Structures are given as C-alpha cells and as structure tokens.
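For reference, the structure is listed below as structure tokens.
The values are calculated or read from the model by the stated rules, or taken from the named source; none is laboratory data. Every value quoted in this text rests on a predicted model; they were computed, and no experiment measured them. Neighbour counts run over all protein chains shown; Cβ positions are idealised from the backbone, glycine included. These accessible areas exclude ligands, DNA and RNA; they are computed on the full protein's heavy atoms, side chains included. Shrake-Rupley method; radii C 1.70, N 1.55, O 1.52, S 1.80 Å.
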Amino acid sequence: MLKKKVKNICCIGAGYVGGPTMAVIADNCNYLNITVVDINEERISKWNSSDFDNLPVYEPGLKEIIKRVRNRNLFFTIDLKNSIKNADMIFISVNTPTKTSGFGAGYASDLKWVEASARQVAQNAVGHTIVIEKSTLPVRTAKVIKQILISSFDEEFENKTEKSFSILSNPEFLAEGTAIEDLNNPDRVLIGGDEEDSINALKNIYEKWVPEDKIITTNLWSSELSKLAANAFLAQRISSINSISAICEATGAEVNEVSNAIGFDSRIGFKFLSAGPGFGGSCFKKDILNLVYLCRYFGLNEVAEYWEQVVKFNEWHTKRISKLIVEKLFDTVALKKILILGFSYKANTNDTRESPAIKIVKDLLENGAEIIISDPQVDPDIIALDLGIEENVFKNGSGQGKWRYHKDIYEAAMGVDAVVIITEWKVYKSLSWHKLVKVMRKPAWLFDTRSITNYEELKDLDINYWSIGNSNYC
Ligand code: UDX
Ligand code: ADP
C-alpha cells in the first residue's frame, strides 16, 4: 500500500551499523532525506561534532562521507517522535546483545531495544510506513515487530492519524574496518519480505549504486536466517583454521603455508583463513548462540551442539594463548610487564566488543601481570569498562595485576618482558624490532597472535619469538 515515492528515511540507532549505512545511502542518493535517531545524546552530539576525528565510529573513509552529507541530506538527532512521524521508511538498527538473564540467557538475543523501537514506531508513525529490520535478529522477529505495529491500531495513541505498515528484513553484511567499501560495493544486498511494492521501494534505493543482479529478494524468514547462517559459516571457518594452527604448532607445519595450500582449492578459497587469537566482534558469537537457541527450541539438539562447538572452540583457543604466554614466561607473570599491542577485535575499528584482547588481558591480570596497553583507536576509558578495572588500580586484596594505557609503542616497551600482538593493525607490521628489543628486559619475548611479524627481522635479535601456528621459532 505505497502511496508515494520514498523521500524521508529514519534510522533508529546511530551505532556501528546505523551510522555508516545511512551515511553511504545518503551519499549515493542525494534526493533522500535521512535522519538517524538515537536515545544516546552523547553519541548523537559526537556524530554532530565539528571534530571529524572524534566521530563515535571509526571507519576508514567514513569521515570524508560525513563531511559531504551531514546537514545536506543526513541528519543526526535525538528527536525520535518527529523523525518517525516524517518517515516513509524506517530502519531499525539498534543493539541486540545476548541476554544475560532470564529465559534463554547466554544464548537468545535481548530484543528489548527492538521491541521499544517498534513501539515508538507504532505510536508515532503517520500514513504508510515501510519498517525494515537492519539489526541482526532471531528468525521470526519480523512477526513480533508486525504484531506490535498492528496492535497500534487498537490502542489509544495520541496520534490517531490513519496508518499502515509493511515489514522487510534487510540484514547488513558489512564488516567493521571495511564498512564503507562493503557498503559501496556489497557482494549482495538481501531483501526479505512478502509485499512487492515495499520490496521494490527499497530495491530502487540500492539500485542507485548496486548492480541489480546483486540484489537478492527472499521471503522474510529466509532473509533473517541467511544472516545468522552467513555469520555462522564465517566464524566456523575461523575456528577451523585456528584449530589447524594448534596442530601446526605441535607438528612442525606452518599455518600460513597450510592456509595458502588449501586456499588454492577454488571450492575453499583464500579469504577468512588467517589464524588469529580467536574471533571477536559483536556478531559472530551472538549470532551462533542465537542459532543454537533456535535449534534447541525446535528440538534439533544435534544441530545445536554442532554450532555451539564453534563458539566453545573459540573460547578454548583464546585461553590456549593466555596459558601459553604464562608458560613461556617461566610459568609466572606476577609482576612481569607485558605490552599488549591492539585492543580492538580487529584492525581499522575502535570497536572492542568480544575482543580476544579483553580475555587475554584479564587472564594475565589474574596471574598478577602489569599490563601496558597500546591501540591506535581505542580510548582508555573503554578499556577500563571492558576490563571492569580502573587504570593503574590494583583490585583490593585480589592479588591481581594492574594495567595502564600508553599510546607510544616505543615508550611503552621500556623494561617490558614481553610484547603481545593481538590486533593486526598495519602499524604493527612495520615496527622497528631492533629499537624495541633494545629497551625490553631480557629474556625478552614477542607473542604474535596474528603472525604479522617477519621472522627474518627478528632472528638475529635478542628476543624469543612465538607466532601463531608456527613451531619453528618456539
Ligand atoms: C562480521 C561479518 O564478516 C559481517 O559480514 C557481518 O555483517 C558482521 O560480522 P565483523 O565482525 O565486523 O563482521 O568482522 P570480520 O572481518 O568478519 O571479523 C570477525 C572476527 O574474526 C575478528 O575478530 C577478526 O579478527 C577474526 N578473523 C577474521 C580472523 O581471526 N581470521 C580471519 O581470517 C578473518
Ligand atoms: P550495532 O553494532 O548493531 O550498530 P550499536 O550498539 O553500535 O550496535 O548501536 C546501536 C544503537 O542503538 C546505540 O547507539 C543505542 O543507543 C541505540 N538504541 C537502542 N535502543 C534505541 C531506541 N529505542 N531508540 C533509539 N536508539 C536506540
């Protein structure tokens, strides 16, 4: 029941998905007016800040787009009511973390923010509105949203204007760090729904820059499940190569050589075969656990166990690295200084959600180490929140170590016993090890969980070297 061409878009949620996605749509479709709303005032004022280096999301290429489109046809506001009221199309792009309590805790997604958004839409929308699920959601969430929207017809909302809704699922496949490139040149755009007019309205927008054959349409449930399945497959691939890294270390094989050799098989391919400290990010673990929950709900216990093992293995793998660091440092890190390079879960993002750095640093702190953390984009206050420990503070009577932040790597390395590379930031690939080794305490260690340092540069230096999936230098 589309009455008019889509002109005004509202996106609820100005986070890692909502912000960059709307920026790219605004950049490619200057005839659209896009308003991104959030309940978090601080986040919105950062999006509106004149300091483009301090946007709430760090993504290569993002600030250049924001400079072009902000206040031209992209607006950031906390005025939810009017943004919804004026919108022909609304994207729901709010957070859906794993529930921490109640039924389904530890597995199911917490949908309270999605439900709250749907209620706000129900209350404030005017005329016909296309509502789009952008957040990754459990299969059949569209049904919940639909029910909330439909129930608005029966309730006594202050705005009694005639209204109608259609629901689409349009999952986002962008990866952080390459979000702008992924949004501008997506492998595919997926639109799930059952009303042709609404599907076409969304398709028309993407067609402004995405080739038509890359825009796939499915029913709502296939679209929702495809997002979970894609992330489960990707995470499984990382767990697979990480499992091989452990065998490499035990046998004398070299994981990069194995990745390369198997990647030549066109059925396998080269992407997503880099062994690392374990996958992080807000999606992989959450989406697999969602899948596991769904399987159990439908009595598919063997399927649930199959996927759950990918997450369990990932946790074991990260722990394996923490243990190995302690073992190599003569079985004790108490009072030893360890420099952590990289706190974000991958390079080119300031996001730390589910970062393996959090787990590894916590393990080392529990063992009494003094940790120095350096990261080009992550702020120390975020690190404190993630670790649950203030900077420079010993937890009372816990026997735990302490941590501090130091951006300059060469200064931070003064007197440290070990350097641990956790994130594959480009700058870590060209460090002067000659300079670093000089200032480290001996015997010095480098633990490279991303296998990004060059052995040739290290072999004549006074440093012990461990690199993931590689037995030669242990
Ligand atoms: C992922 C999906 O790729 C994306 O399509 C979806 O929309 C959201 O979830 P993201 O989590 O941002 O994106 O990053 P991704 O590049 O997939 O990396 C996830 C984790 O896997 C990171 O911790 C990364 O370091 C790790 N990883 C990735 C590896 O350890 N090895 C690899 O080869 C690739
Ligand atoms: P994602 O990675 O999925 O984008 P984020 O946590 O980065 O997740 O962003 C989600 C955003 O959604 C947050 O900024 C949060 O404040 C916002 N949000 C959550 N609930 C609502 C709501 N009901 N109305 C508006 N914004 C919301």
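Has segment 242-253 got at least one residue that is away from ligand 2 (no atom under 16 Å from the Cβ), under 30 Å from Ala444 (Cα atoms) and of a type in the set (Asp, Glu)?
yes
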What is the number of the single condition among (1) within 27 Å of Lys63 (Cβ to Cβ); (2) open to solvent by 30 Å² or more (accessible area, probe 1.4 Å) that Val378 does not meet?
(2)
Kindly provide the set of residues from segment 7-43 that are touching a strand residue (DSSP E or B) at 6+ places or on another chain (Cβ under 9 Å), away from ligand 1 (no atom under 16 Å from the Cβ) and hydroxyl-bearing (Ser, Thr, Tyr), ordered by number.
Thr35
In segment 57-81, how many are more than 16 Å from ligand 1 (Cβ to nearest atom) and not in a strand (DSSP E or B)?
14
Quick one: which of Lys285, Lys271 is in contact with a helix residue (DSSP H, G or I) (Cβ under 9 Å, 6 or more places away or on another chain), open to solvent by 40 Å² or more (accessible area, probe 1.4 Å) and within 16 Å of ligand 2 (Cβ to nearest atom)?
Lys285
Please find, among Lys227, Lys203, the residue that is among the basic types (Lys, Arg), surrounded by 14 or more Cβ atoms within 10 Å (Cβ to Cβ), part of a helix (DSSP H, G or I) and within 16 Å of ligand 2 (Cβ to nearest atom).
Lys227
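Are there strands (runs of 3 or more DSSP E) fully within segment 389-462 with at least 3 residues that are on the phi > 0 side of the Ramachandran plot, buried (at least 20 other Cβ atoms within 10 Å of the Cβ) and away from ligand 1 (no atom under 16 Å from the Cβ)? List them.
none
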State which residue is farthest from the chain's Cα centre (by Cα) when the search covers only segment 69-99 and only residues that are more than 15 Å from ligand 2 (Cβ to nearest atom) and either open to solvent by 60 Å² or more (accessible area, probe 1.4 Å) or of a type in the set (Ser, Thr, Tyr) (or both).
Asn86
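Provide a single number: the residues in segment 365-400 that are touching a Lys or Arg at 6+ places or on another chain (Cβ under 7 Å) and among the β-branched types (Val, Ile, Thr).
Of the residues in that region, 3 qualify.
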Being outside the structural domain of Ala347 (by TED's automatic domain parsing), of a type in the set (Val, Ile, Thr), more than 18 Å from the chain's Cα centre (by Cα) and more than 19 Å from Ile422 (Cα to Cα), is that true of even one residue in segment 253-265?
no
Some residue of segment 20-42 being touching a Gly at 6+ places or on another chain (Cβ under 7 Å) and not in a loop (DSSP other than H, G, I, E, B):
yes
Can Pro211 be described as at pLDDT 95 or above, surrounded by 15 or more Cβ atoms within 10 Å (Cβ to Cβ) and not assigned by TED's automatic domain parsing to the domain that holds Leu289?
no
Quick check on Leu341: is it more than 16 Å from ligand 2 (Cβ to nearest atom), among the aliphatic types (A, V, I, L, M) and either at pLDDT below 95 or farther than 29 Å from Ile463 by Cα (or both)?
no
Restricting attention to segment 325-346, does a residue exist that is free of Cβ contacts under 8 Å to residues at least 60 places away in the same chain and part of a helix (DSSP H, G or I)?
yes
For segment 82-125, what are the residues that are at pLDDT 90 or above and assigned to a strand (DSSP E or B)?
Met89, Ile90, Phe91, Ile92
Residue pairs qualifying under the 7 Å Cβ cut-off, at least six apart or on distinct chains, with the first in segment 13-28 being aromatic (Phe, Trp, Tyr) and the second being more than 6 Å from ligand 2 (Cβ to nearest atom) and open to solvent by less than 10 Å² (accessible area, probe 1.4 Å), are Tyr16/Val57; Tyr16/Asp351
